[in-house]
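A single structure is presented below for examination.
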Amino acid sequence: MTIVKNIFLLLICASTSYPQQTRPEKSNYEETSRYQDVMDFLDALKIDGKTMKLTSLGYSTQGKKLPMIVVGSVADTKPETIRKSGKLVVYIQGNIHAGEVEGKEAMLELLRELKAGKHAEWKKNLVLLIVPIFNADGNDVISLYNRPWQYGPIAGMGQRANGQGLDLNRDHMKLETPEVSSFVKMLNEYDPQVTIDLHTTNGSFHGYHITYSYALNPVIDQTLDNFTRNVFFPKVEGKMTAEQWRIHQYGDYLEKTPAGKPGYYYWVTEPRFNSNYVGFRNRLAILSESYSYISFQQRIASTKSLVVNILDVANADPKLIKETIRKADDVAMNIRTFDSLAVRAEIVESNPAQEILLAAVKEERNPYSNEIMYLMNEDSLKKIVTAEFYSSRATKKAKVPVRYYIPDSLQSVIALLREHGIQMTILKESERKTVQRFIIRENKMAEREFQKHKMRTLEGTFESVEQTIPTGTISVEMNQSLSRLAFYLLEPESEDGVVAWNFIDKYFGDGKYYPIVKVIE
């Protein structure tokens, strides 16, 4: 029997010693917790308001309250109390995709351990904000045929989308769902320095128990990126490896990558995704992806171990994380206005010869649905050396302005910026300014819908013109910590901004010019 299996059995035995049991534990890991199971479990923990406090993140589309448990030595759950505590604030969420249930179950187990007094060393330096069930509506749309290839839970799991039929992990720029709006409100109020978003893989193949990622886009602060890649995660990997978990960056081995050759490839750069969005806000963003093709029990156990090890590393040197984030904020507030930043990006090769673990899968039948499930074949595990694609570069850039001017008629854009927490002022007097105005050369709308939108793409050039900026115009100055986010939202050629998500559609007028102008000095 392998060391991993021994550790895994010890974890299972330990979980049965608690009076509170999760639904997977009660069902021999055939079932996952429903929303009411989560609420009943939290009630059974008897959270007493001392070192664990129960509040809520917000509500789901269907009106379910999203529980958020605050863990740490703080007097109450008020954002100002937690911000003023001086401790490193870490936000953790499970179940953004409600078929990927391992984070939900792992966080219930972790809360149980915390209530029992384990991990007491975290209280000195950390405050945790734990949301075990982010997609509460999708969670209860249980079907045996959701994610049928995944190895359990064999009695079914929830769906990917929320109650609106939208993917919550594509909503972080347009903010059309109450769940993600609540998440962004939490970021603005509590300002966690670290966020952890818990997932399960959705079709990738490799030989790891669990994988991870972080913010990937060339706009993201380079000091923060370097710290995440080269300082923080090597320590986490070392701890996981010592526990005999196989861990690597999240990706998929492809015989032909977009670069035209084999490699281990990651594909996400847009800030519509949770981890990239948090990175655009200059915070340490972590994506966890347990492997679909190991057992349900192992996925829960590996997810919990990864979170524990992340928190152990964070607790060991919170000052370093805070200092890295402070530097990223400082750079964003003093962003060089003569620079150009990416408005579109792609993943590129980061290492021409990376050692990767691969394993084949074997097929088994779900005893209830008769659908084929995949299970990693441990006997087939092998090492290969291949190219790894884990860097990003700009495919199109734009100059960073001193400020943007937004006509006060663009109320949907203004409301979106306000919801993101971007600072704005209103001109009290008209001004005569030399501005950069975008001339639209091409205006294309996608033929197919994506997240109930037909994405729009503009191509064109900027020209320098003198304009009168009228009273009431909204000014967005770039000397603020969210300058990178404001830039990606407002640039006309951005792949993930207000143009792409149709916020500007009814304001194009004669179609010659983009209505938002900017000042370059």
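Conditions (1) within 32 Å of the chain's Cα centre (by Cα); (2) surrounded by 13 or more Cβ atoms within 10 Å (Cβ to Cβ); (3) part of a loop (DSSP other than H, G, I, E, B); (4) among the β-branched types (V, I, T), marked per residue:
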{"site": "I384", "(1), (2), (3), (4)": "yes, yes, no, yes"}
{"site": "E419", "(1), (2), (3), (4)": "yes, yes, no, no"}
{"site": "Q423", "(1), (2), (3), (4)": "yes, yes, yes, no"}
{"site": "E429", "(1), (2), (3), (4)": "no, no, yes, no"}
{"site": "F438", "(1), (2), (3), (4)": "yes, yes, no, no"}
{"site": "T457", "(1), (2), (3), (4)": "yes, yes, no, yes"}
{"site": "Q480", "(1), (2), (3), (4)": "yes, yes, yes, no"}
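Restricting the search to region 26-57, which residues are assigned to a helix (DSSP H, G or I) and touching a residue at least 40 places away in the same chain (Cβ under 8 Å)?
First, the residues of region 26-57 that are assigned to a helix (DSSP H, G or I): 26, 35-44.
Answer for region 26-57, where residues must be assigned to a helix (DSSP H, G or I) and touching a residue at least 40 places away in the same chain (Cβ under 8 Å): Y35, V38, F41, L42.
Restricting attention to region 133-176, which residues are β-branched (V, I, T) and in contact with an Asp or Glu (Cβ under 7 Å, 6 or more places away or on another chain)?
Of the residues in region 133-176, the ones β-branched (V, I, T) are 133, 141-142, 154.
Residue satisfying the conditions is I154 alone.
Anything in region 335-354 that is part of a loop (DSSP other than H, G, I, E, B) and either in contact with a helix residue (DSSP H, G or I) (Cβ under 6 Å, 6 or more places away or on another chain) or under 25 Å from Y250 (Cβ atoms) (or both)? List them, or say none.
Keep residues of region 335-354 that are part of a loop (DSSP other than H, G, I, E, B), which gives 335-339, 349-350.
I335, E349, S350, listed by residue number.
Another question about this same structure. So, of the residues in region 119-135 that are touching a Lys or Arg at 6+ places or on another chain (Cβ under 9 Å) and assigned to a loop (DSSP other than H, G, I, E, B), which turns out to be nearest to A301 (Cα to Cα)?
Here the residue is P132.
Out of everything in region 482-499 that is of a type in the set (A, V, I, L, M) and under 26 Å from D329 (Cβ atoms), what residue ends up being surrounded by the most Cβ atoms within 10 Å (Cβ to Cβ)? Write out each step before concluding.
In the first step, residues of region 482-499 are kept if they are of a type in the set (A, V, I, L, M); the result is 482, 485-486, 489-490, 498-499.
Now drop any that are not under 26 Å from D329 (Cβ atoms), which leaves 482, 485-486, 489-490, 498.
On the way: L482: 22, L485: 25, A486: 25, L489: 28, L490: 23, V498: 26.
Applying the filter and picking the extreme gives L489.
A quick yes/no check of all residues on (1) of a type in the set (A, V, I, L, M); (2) free of Cβ contacts under 8 Å to residues at least 60 places away in the same chain; (3) in contact with a helix residue (DSSP H, G or I) (Cβ under 6 Å, 6 or more places away or on another chain):
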{"position": "A155", "(1), (2), (3)": "yes, no, no"}
{"position": "N188", "(1), (2), (3)": "no, no, no"}
{"position": "P192", "(1), (2), (3)": "no, no, no"}
{"position": "T211", "(1), (2), (3)": "no, no, no"}
{"position": "T223", "(1), (2), (3)": "no, no, yes"}
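I've got another one for you. Could you check, for region 355-371, whether at least one of its residues is assigned to a helix (DSSP H, G or I), of a type outside the set (S, T, N, Q) and free of Cβ contacts under 8 Å to residues at least 24 places away in the same chain? I'd like the intermediate steps shown before the answer.
So in region 355-371, the residues assigned to a helix (DSSP H, G or I) come out as none.
No.
Each value in this text was obtained by applying a stated rule to the coordinates, not by laboratory testing. Source: prediction; values computed, not measured. As a convention, Cβ positions derive from the backbone with ideal geometry for all residues, glycine included, and neighbour counts pool all protein chains shown.
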